[in-house]
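Below you'll find the structure, written out as structure tokens, and then a few comments.
Computed from the coordinates by the stated procedures, all read-outs in this text should not be read as laboratory data. In this text the structure is predicted, and so the values were computed from the model without any measurement. Virtual Cβ from ideal backbone geometry, glycine too; neighbours counted across all protein chains shown.
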Amino acid sequence: MTKVGILLPTREAVFYGDQRGDPRPLVELAVQAEELGFDSVWAGDSLLARPRAEPLTLLAGVATQTKTVSIGTAVLLPSMRNAELLAQSTATLDALSGGRFILGIGGGPGTPGVRVDHELVGADFVRRASTSVAVAERVKSLWRGTGDHQMYPLTHTEDGPPIWMGGDGPRTLDRTGRLFDGWFPLSTSPEAFSYGLRKVKESATNAGRQPKDIDAAAYLTIVIGDPEEAQPQLAEHAELYYGVPFSQISQMQGSFAGHKDAVVDWLRGFVDAGVEHLCIRFGCNDPAGQLELLAELRSEIG
């Protein structure tokens, strides 16, 4: 059965009116997701490009209040972090959660906001994709104790948490197949996902790896409801979140708004294309209500 998780609305807390960005309700939402039978909860990452709670700190709070859900970053930008400090914080989070942590990573989009974030921490924006891979590889070696240092605490397993790579560019697909444990894109359609997954598996095979060992995940945005209300909510959410017209965002990532049956059919299309783990973002100002609606549809998705 396909695993289904939710993205915690870290950014929405700010642009929908909570000027303090209080993270405590996000932990409560994660607990609600676990109680409703969801498989995972996720937190996004940015500094000032899209101001929000720091994801690893937030997920540490989630880890202490939950028992079964996987917790992960969707996605974290390693290019903005020191590898040794990142290894320590992620190992601590993994140990704290009892091995439930998934490190989702990516280079980040080439937007002005992401450039400013890199400049603020003294990171190389231009080389962010290759830097992210290098940092992730260094983190992995520190978890395993195969480099010149042994970090503590030890991760729950010897190899450390799984690392899933976001993005769908040719180099990203190749790197994912060669190096990482999962693929985690913002796919625009089932067809795009199927094509990318095929390329990831080809790269894995060429590297002597087993393609079946790579988790296939997708980050998708939905609003469940009457289309006349849900579709404007989705458009408004996207424009508040990214600061650009919805028509532009809809060409870059998968998003859908409509009645329950239509949402299920849309999600099933991705499952049929090979998605094994769905990360769902709710594109409106009622994440708790949407969570309950999605829980009712959980068994129908596949």
With +1 at each Lys and Arg Cβ and -1 at each Asp and Glu Cβ, the charge dipole magnitude of the range 140-252 around its Cα centre, to the nearest 20 debye, comes out at 740
Yeah, the range 230-270 with a ≥ b ≥ c from its alpha-carbon gyration tensor (a/c under 1.5 is rounded, else prolate when a/b outruns b/c, oblate otherwise) is oblate
Sorting Val264, Ala192, Ala235 by the position of each Cα along the dipole of the range 175-302 (Lys, Arg +1; Asp, Glu -1; all at Cβ), the one nearest the positive end of that ordering is Ala192
So the FRET efficiency between Glu84 and Arg209, C-beta based with R0 = 30 Å and rounded to 0.05, is 0.65
Count of lysine pairs, the chain, Cα-Cα under 26 Å, sep. 8 or more residues or interchain, comes to 12
Using alpha-carbon positions, the gyration tensor of the range 165-302 gives root eigenvalues a ≥ b ≥ c; with a/c under 1.5 called rounded, otherwise prolate if a/b exceeds b/c, else oblate, the class is prolate
Rounded to the nearest Å, the spacing of the alpha-carbon centers of the range 229-302 and the range 66-122 is 24
Going fewest to most other Cβ atoms within 10 Å around each Cβ, His149, His237, His156 line up as His149, His156, His237
The answer for the net charge of residues other than Ile105 whose Cβ lies under 13 angstrom from its Cβ, with Lys and Arg +1 and Asp and Glu -1, is +2
In the range 3-301 the DSSP beta bridges are antiparallel at a rate, in percent to nearest 5, of 0
For the range 22-30, Karplus-derived ³J(HN,Hα) couplings (6.51, -1.76, 1.60; θ = phi - 60°; whole Hz; x for glycine and proline) come out as 4, x, 4, x, 5, 5, 5, 5, 4
Ranked on Cβ counts within 10 Å of their own Cβ, fewest leading, Met1, Met165, Met80, Met252 go Met1, Met252, Met80, Met165
Footprinting proxy, Tyr242, Tyr195, Tyr219: sorted fewest to most Cβ within 10 Å, the residues are Tyr195, Tyr242, Tyr219
The size of the Cβ-based charge dipole (Lys, Arg +1; Asp, Glu -1) of the chain about the Cα centre, to the nearest 20 debye, is 1040
Kirkwood Rh over alpha-carbon pairs of the range 1-139 plugged into Stokes-Einstein at 25 °C, 0.890 mPa s gives a D in µm²/s of 159
Over the range 1-41, the quotient of the Cα radius of gyration and 2.2 N^0.38 Å is 1.29
Classified through the alpha carbon gyration tensor (a ≥ b ≥ c as square roots of its eigenvalues; rounded if a/c is under 1.5, else prolate when a/b is larger than b/c, else oblate), the range 3-301 comes out rounded
